[in-house]
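Everything on this sheet refers to the single structure shown next.
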Amino acid sequence: MRALLVVALLAVAASGCTSSGGTTGTPKASPPDGPSVLLIRPVLTASQSTAPTPPTASTSEAGGPPRAVEPSTAEQQQAIEAERKVRQDPALAVPANQAAALSAFRCPENDPLAGQDDPAEPLLTCDHKTGERLVLGPAALGNDDIESAAARADEHSGGFVVEVRFTEDGGKTWGKLTAELVGQRVALVLNTSVLSAPTINEAITGGATVISGKFTRSEAEELAARLGSR
């Protein structure tokens, strides 16, 4: 259960995100036709190999950030409920059940659950860029905690990142969460797909986080616009 936080930010490791934000209570998922659903969840366990697993079915357009599904038919709603039953089973919170769940799971490209996962329940999902499969705990932060989002160039990687500023309460929650999870991983989950899952090296304060996902400028601007449309 280890990963890296973005080198540029407040004293974490090297390939994920850095933050300060949070809110009390269970975050609410956005409606299907609303903004992108960003949730921050603790990592309970993950597959040992990061080799991509064969997909069962594309999470995003042209490699960009994954989009939330829009269940417009009864059949689509049934597919969402079926995914929740397997991938959000409360039993996933029990360590003894996690290895078998990870072993059986294959990362879907066209995810019926995209943006429709229940923040209050654990989640079995993937980092679609690495193929890593993860079991995540209930969300600690969500869209309601975001005050603003903006794309900017990352001088360290040469690519682009998205800087997210949290509300005042969100920043306090993030600081508390990172203090509790020092040495453990947290996942930034966009529309049910993991963008990054860094290891927390120390409590992070400041009310902001940077999401690093090897974005192009247009991808970062699109993601920032979607996260900022509240």
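The values are calculated or read from the model by the stated rules, or taken from the named source; none is laboratory data. Owing to the predicted nature of the structure, the values given are computational and were not obtained by experimental measurement. Cβ: placed from backbone, ideal geometry, glycine included. Neighbour counts: every protein chain shown.
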Restricting attention to region 185-202, the residues that are over 15 Å from the mean Cα position of the chain (by Cα) and polar (S, T, N, Q) number exactly 1
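Residues checked against (1) under 23 Å from L141 (Cβ atoms); (2) at pLDDT 85 or above; (3) of a type in the set (A, V, I, L, M):
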{"residue": "T59", "(1), (2), (3)": "yes, no, no"}
{"residue": "R67", "(1), (2), (3)": "yes, no, no"}
{"residue": "E75", "(1), (2), (3)": "no, yes, no"}
{"residue": "Q78", "(1), (2), (3)": "no, yes, no"}
{"residue": "R87", "(1), (2), (3)": "yes, yes, no"}
{"residue": "A101", "(1), (2), (3)": "no, yes, yes"}
{"residue": "L123", "(1), (2), (3)": "yes, yes, yes"}
Just checking, does region 106-114 include any residue being at pLDDT 95 or above and either more than 15 Å from the chain's Cα centre (by Cα) or not hydrophobic (A, V, I, L, M, F, W, C) (or both)? no
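Give the residue that is farthest from P95 (Cα to Cα), with candidates limited to residues of region 119-162 that are hydrophobic (A, V, I, L, M, F, W, C) and surrounded by fewer than 18 Cβ atoms within 10 Å (Cβ to Cβ). Working first, answer last.
Kept after step one, since they are hydrophobic (A, V, I, L, M, F, W, C), are these residues of region 119-162: 120, 123-124, 126, 134-136, 139-141, 146, 149-151, 153, 160-162.
Going one step further and asking which of them are surrounded by fewer than 18 Cβ atoms within 10 Å (Cβ to Cβ), we end up with 120, 150, 153.
Details: A120: 18, A150: 37, A153: 40 Å.
Selected residue: A153.
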Among the residues of region 187-223, what is the count of those that are of a type outside the set (A, V, I, L, M), crowded, with 20+ Cβ neighbours inside 10 Å and assigned to a strand (DSSP E or B)? 7
Here are some residues: R106, R165. Which one is in a strand (DSSP E or B) and surrounded by fewer than 21 Cβ atoms within 10 Å (Cβ to Cβ)? R165
Return a yes/no flag: does region 129-136 have any residue that is part of a loop (DSSP other than H, G, I, E, B), closer than 29 Å to D169 by Cα and under 14 Å from the mean Cα position of the chain (by Cα). no
T167, sole failed condition from (1) over 26 Å from A46 (Cα atoms); (2) of a type in the set (V, I, T); (3) within 16 Å of the chain's Cα centre (by Cα): (3)
